[in-house]
Amino acid sequence: MSLIRSNQELKKGSAELLILSLVEGRPRHGYDIARLIEQRSEGALSFHAASLYPLLYRLEKRGWILGRWTEKPGERRRRLYRLTPEGHKALAAQRSGWESFARAINRIAGGENA
Amino acid sequence: MPDWRSEIRSRLASLKLPPEREAEIVEEVAQHMEDRFRESRTTGGTDAQAEATAWRELESNETLRRELTAVERRLPPELPPPGSQNRGRWLEALFQDFRFAGRTLRKNPGFTWTVVVALALSIGPTTAIISFGNWLLWRPIPGVTTDRIAQVWFGRWSEGGGVSPSGVSYANMADIAARSKTMMGWAGVQESAESLSVQGALPRIAGVGYVTSGFFDVLGVRMTAGRGFLSDEDLPPLVSPVAVISDGLARAAFGSPGNAIGRQLVINSRPFTVIGVTPAGFAGITTTSRVEIWISGATLPYLRHLQPGARPDSRGDGVFYSFVARVSPPYGFRELESELGVLTRGLAEVYPKENSKFKTVTPRVFPGLGLYVLMRARMGTMINMLLAIGGILLLLSCANVSNLLVLRATRREHEIALRKTFGAGRFRLVQLQLAESWLLAICGAALGILLALILARLLQELLFPMPPGTSVSLPIDWRVLGATLGIASATGGIAGTAPAWFAARGRLAGMLGRSGMRSSAHAPRLRSLLAMFQLALSLTLLIGAVMLVSTLRNLRSVDLGFDAANVTTLNVDLASHGYDINRALIYLRELHSALEAGGGFQEVTIAQLSPFGSGSSFRILPPGADPKNTMSVRFNGVTHTFFRALSVPLVRGRPFTAEESFTSGAPPAVPIIINEILARRLFGTIDVWGRTIRKAAALGSPERELVVVGVARDSRWNNVTGQPDPFLYMPLGQNDFPATRAAIMIRSVQPAAKVAEAVRSAAARIDASVPLSGGQPLTASIDRSLREQRLFAWTLSLLGGLGFLLAAVGLYGLVSQIAVERSREFGIRLALGARRLDIVRLVFRSSLVIAAGGTATGLALAFFGSRAIKSMLFGVTNTEPWIYASAVVTLGFIVVLACVAPAFRATRVQPVEILRSE
């Protein structure tokens, strides 16, 4: 129980960072983002549509990402999200925040073992 | 694949998102689930497994909704259709109803304008009355910073609120102030008019207030420049006379308030130094005061050129009889009045000799500043009567607008029925109707306020004329605006109630099928009653108006016993410029000759008093009567030209000579002229040449013998109605009341303003320092005495006319509706061979009952209602049959007028059209 909760909280805190990182290189649609998170975390992290899309909308509202319905020949219409200039700044900030946080955690949690 | 979309949509429903946003989210999430489903299938899952995986994407029932609540804003720009139930969003629905009402009203400009004008015609006059009342009675005095102020008068009070005022001396004032617990301070104040000259300019008449030194502090008036009076500036010996002036005078004469300090003014030829400037707008203690200069009470003898010791400054007598007092909390005005009563009685006991008058003289406290206290009651009553009339007018227009709105509601039955089928609640329908009538009322109020700007002015000139040359502004301030908006929304509410009830009433069945065609032979009962009520009220107003207009005509044709036409009156106050009686008579004689010689006037005369101004009387001893039985007689001091100039025939004897008129001193026997009534009363005949009467001794004047040298026809010098008074004329110079104040009367066909200008320049050549006041036609003074009758004749005529106009519009609407509703019937009749005239007759018949009912009710209302104005009538009674008959004829005319157009339209019904639609 406590494990699940901590997992959820971790997810919440880092979810924004994850999404922003994934759309940094190229625009992606929601399902793409969800799948990448699952794959790259090797199943440790996963997002369901019910929480992923509200999160996307929130980021969009903040102006960090921009969703656009786009059509490609032979494919159906999809909504692609890409990082805005604002989003770049936010991503940079979150990244450095995360790194220093992770370093701090590592120093404590990892240090004992070392 | 399952139907993800409808499931997602149902989970989002409670969010009430804008539809396009909702569709977008549904699409995106559904795509996600489809992808998941497909992926699951391609990786080897069964359909059921894949479906379960996809469903897991939505997590619990609540997740999606909960997560989205924080992100998506519930934006409800899409409102339910007008008339549908508003699902708790009352304000939005209300706004929508107003918008809808505005749109429909814009689409029906004819209807909208009719209603708005009808409302403006009633709201306008009512606003005018309120704005006039506000100007005269209710508005605060600018510059006064406290509301705990009362005006206090001392005197002997008569039943009707009249008073013979009594002065309170400085010594008594100080004692009262020292002992009083209920007031923080008080000050004496008297307002008058004196001549003012600034920087060598020709003098003019200006309002002057003389006050005790604490005056400005009591009122909380803060000087914009300089200071108020110090207490030693209000005590003899007078070192240097000082004055406080108004902001307006300071700016006009010296450029700015700051510049005025230390400068000189000349009042009544006496120099004063300016020490302070009052805040802008402050012009005295009443709403109609026009004081420009304030001086201390102690400077009054100096200002008036009084001999030393002439001014009473003993404990027993004082110059001030009007006071302002500031009540100190927690006490109220009542406590102040009773305490002042106790204190004055106490003063009578401590100084029984000097203060004996306080046994009969009582104080009276009038809360607030506002109107001059002695006029408050009368003007208050008048405004209340006017407001009552305004109320009747408002009722009239409510009935009218209500009638028109009901008519519209019947035309919109179909629309209303549709709304009901779509689920519109009664509340919403009522609200829609009220929104419409409120909107109309607000537009009516806006137009009414414009109308009020003109009417208020008219009212003020009629009821409270100000001297020529003074500018009056009747502000439409927030009090007036608030009252008008209140009235407008009440009107909107009342006028909208009947149609709203009509709309909400559950007569759904049949409405849809009938689509506005009804074949009832009778007008709707509610609307008929409204129209009847309107006709009755306007008939009542009209009857009242006719009574008062004929009263006015009768009053105008009363033989006054003198000819006031083309006579212009000016006044001169020589005493205030230091003239004694001898110098005054020389001045007046010179002026008289100058005007006779040079002005090109028909007649010139000078008298002590002008007609319909103030009156003067003394007591005489009738021949052979007991010396104790003196008789009071009104009199005037006149010159040799008086009787000729005002066309008063002398029936016996001779006029005065110029010598008698302009000579002062007391010859052993003073020549007098008396009127016929007095001659008959004293001697039983008018052949009284050479007979003598004795004038009773009075304060400061001995008993004197008067010899009758002429008898004049009876004249009404002071009021139009009633009998002429016994009257006595003395030569101007030879009566005991020195003729240092006089009225100059000129008969000329030139306009009064021109005459006044000529007289003023002639007077300036004799003594430029003495200004003349007045310059109005004598008829204006007479009209002023008739102002009540004039006012009510005007307003009732205006309102009666308006009422009829409104009633005609209402009746027109009603008859039109009946005609439209019966057009099928008319068509069939015409097809069966009825003549056009028969149709006309049918239309007229429908209004007959209404007209008859309205007439009967109106006659009864007028008969009883006219008792209220009975006391105002003259030469006509409130039961005069011809008045009632003429009003009924007018009403008949109006009814016919209202029916002509609908009847004509009814005859144009095409039978073929009607039959085809059957």
Quiz item: If you take the residues in the stretch B:861-918 that are among the basic types (Lys, Arg) and under 33 Å from the mean Cα position of the chain (by Cα), which one is surrounded by the fewest Cβ atoms within 10 Å (Cβ to Cβ)?
Solution: B:Arg867
Quiz prompt | Pairs with Cβ under 6 Å, 6+ apart, first in the stretch A:31-49 and farther than 21 Å from A:Gly67 by Cα and more than 10 Å from chain B (Cβ to nearest Cβ), second among the small types (Gly, Ala, Ser) and not in a helix (DSSP H, G or I) | solution = A:Glu38/A:Ser46
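Applying the selection to the stretch A:20-30, what residues are assigned to a helix (DSSP H, G or I) and within 14 Å of chain B (Cβ to nearest Cβ)?
Of everything in the stretch A:20-30, just one residue is assigned to a helix (DSSP H, G or I) and within 14 Å of chain B (Cβ to nearest Cβ), namely A:Gly30.
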Quiz prompt | Failed condition for A:Arg82, given (1) within 14 Å of chain B (Cβ to nearest Cβ); (2) part of a strand (DSSP E or B) | solution = (1)
Exercise. Could you check how many residues of the stretch B:772-807 are surrounded by 22 or more Cβ atoms within 10 Å (Cβ to Cβ) and within 30 Å of B:Arg845 (Cα to Cα)?
Key: 6
Exercise. Could you grab me the full set of residues in the stretch B:146-196 that are more than 30 Å from the chain's Cα centre (by Cα) and of a type in the set (Val, Ile, Thr)?
Key: B:Val168, B:Ile176, B:Thr182
Quiz item: Within the stretch B:464-479, can one find any residue that is surrounded by fewer than 23 Cβ atoms within 10 Å (Cβ to Cβ), part of a helix (DSSP H, G or I) and either aliphatic (A, V, I, L, M) or in contact with a strand residue (DSSP E or B) (Cβ under 7 Å, 6 or more places away or on another chain) (or both)?
Solution: no
Quiz item: Within the stretch B:335-380, which residues are touching a residue at least 60 places away in the same chain (Cβ under 8 Å) and small (Gly, Ala, Ser)?
Solution: B:Gly346, B:Gly368, B:Gly370, B:Ala377, B:Gly380
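Quick check on my filter: what residues within the stretch A:53-70 are in a helix (DSSP H, G or I) and more than 8 Å from every other protein chain (Cβ to nearest Cβ)?
Residues of the stretch A:53-70 that are in a helix (DSSP H, G or I), as a first pass: A:53-62.
Residues satisfying the conditions are A:Leu56, A:Leu59, A:Glu60, A:Arg62.
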Quiz item: If you scan the stretch B:718-758, which residues turn out to be in a strand (DSSP E or B) and either buried (at least 21 other Cβ atoms within 10 Å of the Cβ) or modelled with pLDDT of 90 or more (or both)?
Solution: B:Phe727, B:Leu728, B:Tyr729, B:Met730, B:Pro731, B:Ala742, B:Ala743, B:Ile744, B:Met745, B:Ile746, B:Arg747
Quiz item: B:Val840 is checked against (1) at pLDDT 85 or above; (2) within 17 Å of B:Leu542 (Cβ to Cβ) and fails just one. What number does that condition carry?
Solution: (2)
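How about the stretch A:30-79: which of its residues are hydrophobic (A, V, I, L, M, F, W, C) and surrounded by 18 or more Cβ atoms within 10 Å (Cβ to Cβ)? Don't jump to the end; show me each part of the working.
Filtering the stretch A:30-79 for residues hydrophobic (A, V, I, L, M, F, W, C) gives A:33-34, A:36-37, A:44-45, A:47, A:49-50, A:52, A:55-56, A:59, A:64-66, A:69.
Scanning the stretch A:30-79 gives A:Ile33, A:Ala34, A:Ile37, A:Phe47, A:Ala49, A:Ala50, A:Leu52, A:Leu55, A:Leu56, A:Leu59, A:Trp64, A:Ile65.
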Quiz item: Could you say which residue among B:Gly665, B:Gly637, B:Gly690, B:Gly624 is in a strand (DSSP E or B) and either among the small types (Gly, Ala, Ser) or modelled with pLDDT of 90 or more (or both)?
Solution: B:Gly637
Quiz item: Are there any helices (runs of 4 or more DSSP H) wholly within the stretch B:4-72 with 1 or more residues that are away from chain A (no Cβ under 11 Å), free of Cβ contacts under 8 Å to residues at least 24 places away in the same chain and touching a Ser or Thr at 6+ places or on another chain (Cβ under 6 Å), and if so which?
Solution: B:19-42, B:47-56
Practice problem: Would you mind stating whether B:Ser231 is touching a Ser or Thr at 6+ places or on another chain (Cβ under 7 Å), more than 24 Å from B:Ser473 (Cβ to Cβ) and polar (S, T, N, Q)? | Solution: yes
Quiz item: In the stretch B:545-566, is there at least one residue being touching a strand residue (DSSP E or B) at 6+ places or on another chain (Cβ under 9 Å) and either part of a helix (DSSP H, G or I) or polar (S, T, N, Q) (or both)?
Solution: yes
Self-check item: Residues being surrounded by 14 or more Cβ atoms within 10 Å (Cβ to Cβ), within 30 Å of B:Gly865 (Cα to Cα) and among the β-branched types (Val, Ile, Thr) - total across the stretch B:331-385
Solution: 1
Quiz item: Does B:Glu436 fit the bill of being over 18 Å from the mean Cα position of the chain (by Cα), surrounded by fewer than 20 Cβ atoms within 10 Å (Cβ to Cβ) and either in a helix (DSSP H, G or I) or among the basic types (Lys, Arg) (or both)?
Solution: no
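Would you say A:Arg76 is within 13 Å of chain B (Cβ to nearest Cβ) and either hydroxyl-bearing (Ser, Thr, Tyr) or over 15 Å from the mean Cα position of the chain (by Cα) (or both)?
yes
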Quiz item: Out of the stretch B:636-690, which residues are out of contact with any Leu (no Cβ under 7 Å at 6 or more places or on another chain), within 17 Å of B:Asp725 (Cβ to Cβ) and polar (S, T, N, Q)?
Solution: B:Asn675
Exercise. Please verify whether the stretch B:880-900 includes one or more residues that are touching a residue at least 40 places away in the same chain (Cβ under 8 Å), more than 28 Å from B:Ile543 (Cα to Cα), part of a helix (DSSP H, G or I) and touching a Ser or Thr at 6+ places or on another chain (Cβ under 7 Å).
Key: no
Quiz item: Of the conditions (1) part of a helix (DSSP H, G or I); (2) under 46 Å from the mean Cα position of the chain (by Cα), B:Ile673 fails just one. Which one is it?
Solution: (1)
Quiz prompt | Residues located in the stretch B:574-604, provided they are outside any helix (DSSP H, G or I), surrounded by fewer than 22 Cβ atoms within 10 Å (Cβ to Cβ) and on the phi < 0 side of the Ramachandran plot | solution = B:Asp580, B:Gly599, B:Phe601, B:Gln602, B:Glu603
Quiz prompt | Boolean, B:Gly391 is modelled with pLDDT of 80 or more and either on the phi > 0 side of the Ramachandran plot or in a helix (DSSP H, G or I) (or both) | solution = yes
Practice problem: Need at least 2 residues that are under 21 Å from B:Gln151 (Cα atoms) per element, so show me which helices (runs of 4 or more DSSP H) inside the stretch B:185-304 make the cut, counting only ones lying wholly within it. | Solution: B:215-219
Quiz item: Given B:Ser761, B:Ser715, B:Ser773, which one is of a type in the set (Gly, Ala, Ser), farther than 30 Å from B:Phe533 by Cβ and assigned to a helix (DSSP H, G or I)?
Solution: B:Ser761
Quiz prompt | Options B:Val208, B:Val242, B:Val198, B:Val274: the member that is over 30 Å from B:Ile766 (Cβ atoms), in contact with a Phe, Trp or Tyr (Cβ under 9 Å, 6 or more places away or on another chain) and of a type in the set (A, V, I, L, M) | solution = B:Val242
Self-check item: Selection within the stretch B:131-175 - of a type in the set (S, T, N, Q) and buried (at least 17 other Cβ atoms within 10 Å of the Cβ)
Solution: B:Ser131, B:Asn134, B:Gln151, B:Ser166, B:Ser169, B:Asn172
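The values are calculated or read from the model by the stated rules, or taken from the named source; none is laboratory data. Since the model is a prediction, treat every value here as computed from it, not as a measurement. So basically every Cβ, Gly included, is an ideal-geometry build from the backbone, and we count neighbours across all protein chains shown.
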